[in-house]
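> I'd like to ask you about the structure that follows.
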Amino acid sequence: MSTGFLTPIDAFTVIDLIFMSMLVVVGIAIVRLKDLFAVVMLSGVYSLVSAAWFVSLDAVDVAFTEAAVGAGISTVLMLGAMLLTARQAAPSKPARHWVALIVVCATGAALLYATVDMPSFGDPLSAPNAYIGLEYLKRTGAETGVPNVVSAVLASYRGYDTFGETTVILTAGLGVILILGLGGPAIKRKKPAAKTKAAKADQSKILGAHHVVLRVVSKMMIPVIIIYGAYVQFHGDFGPGGGFQAGLIIASAIILYALIYGIDAAKEAVPPSLVRLGAALGVLIYGGVGVINLLLGGNFLEYNILNPTHPAHGQELGIMFVEIGVLVTVASVMLIIFYGFTSRQPDIKDKDW
Amino acid sequence: MIFATSLLLMASMALMLVRLLRGPQLYDRVLAVNSFGTKTILFLCVFAFLIGRSDAVDIALLYALMNFIATIAILKFFRYRALDVALSRTRRRGEAR
Amino acid sequence: MSDLLHILDILRPYVAGIALLSGGVIVLIGASGVLRLPDFYTRLHAAGVTDTLGTLLVLLGLILLSGFTLLSGKLALVGLFLLLTSPAATHAVANAAHKAGLKPRLGTIQNPSPDEAKGDAS
Amino acid sequence: MGYALSLTVAMAVLWLMLSGHYDSTLLLSLGAGSAIFASALAWRLHILDGETSPYHKLWRFFVYWPWLLWEVIKANIIVIRTILQPDMVLTPRMVRVKTMPKTDMGRALFANSITLTPGTVSVDLDADEVIVHAVLKELTGKEGFADMAARCARACGEKDPVK
């Protein structure tokens, strides 16, 4: 941004600036609001704006991930988390921490000073654009046969990193199991939770026409979401997408089912034991591809060896299997988190509501 | 023309943001987020033509498919104070339609 | 016959532009309605204007621009899913508000000033 | 079985609409596999019925949709004109609509059609009535709702639609 203010402003800069100011407004509002529900709503908007902004920055893959997380799952999980806590942020005491203020101001000033040395937006001579980026762009086509450079870099050149990330996701799932548990297979509660009057009234006629609109529309959408997830999974080679996004989308379809038919029905169809197995299995598939490469005489995650006559085809095949591993882990862990958050009976007193 | 449309859509996104911040009811905020989502979907479609990359339409499609999942969760949150209650029951084999 | 098709092809971008712009204006009108109308239930209707006619016109314009391609198929799918899910979402919000006992303002309202319903009761 | 077949075919068509790669056997077979997977999952979730897979009677909807589109445009013009008036006059009210299609599918279509035409929103839905919030009183004509309900019932293939 060193000369950013002097360059003529074009149409895209206007769009970027509008989005950035929207993000700032939403960010300040999130910090200032005490009502946690409003904060959840605002974070949904934050996700929408940043997805649109990422598209305008030409980072379509990042935008796609943001959309897959922000469209459904994050709001559902945040509401689930809120049910386990309170609806209002605890009032903080109005105190003045002068030292903290000085530290924050100094850090901010240092960061601002550091931006002077950063390459301006889209500078062709900056380090990432000049050396390694160009190299990737030049080589992926011939070496991996995958048109989408981002997918090739993610699954092949940086295969180790992605393996690590998948393991991190598994670890997150394990953490949720340890803290919240999975609630076991379709716990038989004495009586389904009916806390409010409306809920009690509804339960007597749950088979009635009450939520017929939501039920009919959701039923129609579930297979469509699954197919879209599969499309995202297998077309990650050509456009934005891949295992991470597809895993989120497929988990969303199951979460939608759980929202309509209740968590017990979902646990019957997709039991927690299966989900637990899936989380580990995905990492095993990923690592297994690497081990097969080792056994065939190559390096760990060196997919070329899978097809000695056509190394590029080997790459394509390896990337496909690795992405399936990512899909299985991500989808399973999302469901672990969802089951963990919703299987606990929230304990909210009426006066806190 | 396309650019003008995308500016119009961004202006309406900003108006939705005002409604979101002003409230006053929580339901107004939900409504504002919902409407903001629709406008973002339209913006992404228009923007795909502006930058000449059709990938943005895929993102719009993703939002169109999944944006209402959050709304259902919000309904359950308000009405039942729990996400695990069933809104409906599946029909098992042999049960009357 | 081929002349007619040719003329239609020349007119296409103009029709698309008109559809796009009017769609954008209608979305903006809907958004301003959401700001101006007096209470939650009436605002739902203004949001509905965006969700239906605005969406249809913008997507129609884009489909006309792209012609008969895969992209226009995807745009049609976006429209289809939006028209399927957005009324369901609107119904869900309205239902939640109604069941929670949020009373609508009924009768005749003239020159409403927005945000008359004070307080963040839920 | 018929539902499974129609769902699989519909999902395969959807895949082809999304994919755009028709020359790769691998992708086509993956598409077929995904369509079968979606149907199998629907079966596993116990939702494999006429509501999840209404695709084999889609042709009936093609009669309904153009009519609905016209209604939507008309209602839009009314609401936009109201919003744009500098001195807005609103006559909001809640009405109970008693005429209802008999199947769940028809009821859902009816409620969604009401919401889709601006100016009216279906607020609550019971076995035999919808509660509708309307922003203008001229949008709450009984005949209009009855007509729409009958058309919805016909679109969902009910033998003797509501009178």
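Throughout, read-outs are computed from the coordinates displayed, never taken from laboratory work. These numbers come from a predicted model, not from an experiment. Cβ: placed from backbone, ideal geometry, glycine included. Neighbour counts: every protein chain shown.
> In whole Å, largest first, what are the principal axis extents of the Cα atoms in the range A:10-90?
Per principal axis, max minus min of the Cα coordinates gives 46, 25, 11 Å.
> While we're looking at this one, here's another question. Taking the C-alpha atoms of the range D:2-44, how large are the radius of gyration and the largest Cα-Cα span, Dmax, in Å?
Cα-based Rg and Dmax for the range D:2-44 come out at 10.4, 32 Å.
> Now, a different point. Residues of D:12-23, mean number of Cβ from any other protein chain within 10 Å of their own Cβ, rounded to a whole number?
Across D:12-23, the average partner-chain Cβ count within 10 Å equals 4.
> Could you list the square roots of 5 times each eigenvalue of the Cα gyration tensor of the range A:127-185, that is, the equivalent ellipsoid semi-axes, sorted largest first and rounded to whole Å?
Gyration-tensor ellipsoid for the range A:127-185: 37, 12, 7 Å.
> Same structure again: Residue by residue, what Karplus-based ³J(HN,Hα) values in Hz, rounded to whole numbers, does the range C:5-17 have, using 6.51, -1.76 and 1.60 with θ = phi - 60° and x for Gly and Pro?
Calculated HN-Hα couplings, in order: 4, 4, 4, 4, 5, 5, 6, 3, x, 5, 4, 4, x Hz.
> Okay, next question. Can you work out the FRET efficiency for the pair C:H6 and A:S120, with r the C-beta to C-beta distance and R0 = 60 Å, to the nearest 0.05?
0.80
> Still on this structure: Seen from all sides and averaged, what is the projected area of the convex hull of the Cα atoms in chain C, in nm²?
The orientation-averaged projected area of the Cα hull of chain C comes to 10.1 nm².
> With θ set to phi - 60°, apply the Karplus curve 6.51 cos²θ - 1.76 cosθ + 1.60 along the range C:52-65 and write out the HN-Hα couplings as whole Hz, x wherever there is a Gly or Pro.
Going residue by residue, I get 9, 5, x, 4, 4, 5, 4, 5, 4, x, 5, 5, 4, 5 Hz, with x marking Gly and Pro.
> Take the Cα of A:Y160, step 7 Å along the line toward its Cβ, and report every residue of the range A:314-330 whose backbone nitrogen sits under 18 Å from that point.
What the label zone holds, given the 18 Å backbone N cut-off, is no residue at all.
> Further question: So what is the 222 nm mean residue ellipticity for chain C from helices alone, if each DSSP H run of at least 4 adds -39500 (n - 2.57) and you divide by all residues, rounding to the nearest 500 deg cm²/dmol?
Calculated mean residue ellipticity at 222 nm is -25000 deg cm²/dmol.
> If you don't mind, there's one more thing I want to ask. On a 0 to 90° scale, report how tilted helix B:2-22 is relative to the longest principal axis of chain B, with both axes built from alpha carbons and the result rounded to the nearest 10.
Orientation of helix B:2-22: about 50 degrees from the principal axis.
> At a Cα cut-off below 13 Å, give the aspartates and glutamates reachable from A:K34, other chains included and same-chain residues fewer than 8 away excluded.
C:D120
> What shape does the protein assembly as shown have by the C-alpha gyration tensor, where a ≥ b ≥ c are the square roots of the eigenvalues, rounded means a/c under 1.5, and otherwise prolate means a/b greater than b/c and oblate the rest?
Because its axes are fairly even, with a/c under 1.5, the protein assembly as shown counts as rounded.
> Label the range A:221-353 by shape, choosing from rounded, prolate and oblate, from the square roots a ≥ b ≥ c of the eigenvalues of the Cα gyration tensor; if a/c is under 1.5 it is rounded, and otherwise prolate applies when a/b is larger than b/c, oblate when it is not.
Prolate shape, in that a/c is at least 1.5 and a/b is the bigger ratio.
> Tell me, what are the semi-axes, in whole angstrom and largest first, of the equivalent ellipsoid of the range D:58-155 as set by the roots of 5 times the Cα gyration tensor eigenvalues?
So the three semi-axes of the range D:58-155 are 24, 16, 9 Å.
> Something else now. With only alpha-carbon atoms in the gyration tensor, what are the semi-axes of the equivalent ellipsoid for the range A:54-141, in Å, largest first?
Result for the range A:54-141: semi-axes of 37, 28, 9 Å.
> Can you pull the mean other chain C-beta count within 10 Å for peptide A:70-78?
6
> To the nearest whole number, what is the average tally of beta carbon atoms from other chains within 10 Å of the beta carbons of peptide D:88-96?
Partner-chain Cβ atoms within 10 Å, mean over residues of D:88-96: 6.
> Related question: How many nm separate the modelled label positions at D:W65 and A:A280, each set 7 Å beyond the Cα in the direction of the Cβ?
Here the answer is 4.8 nm between the modelled labels.
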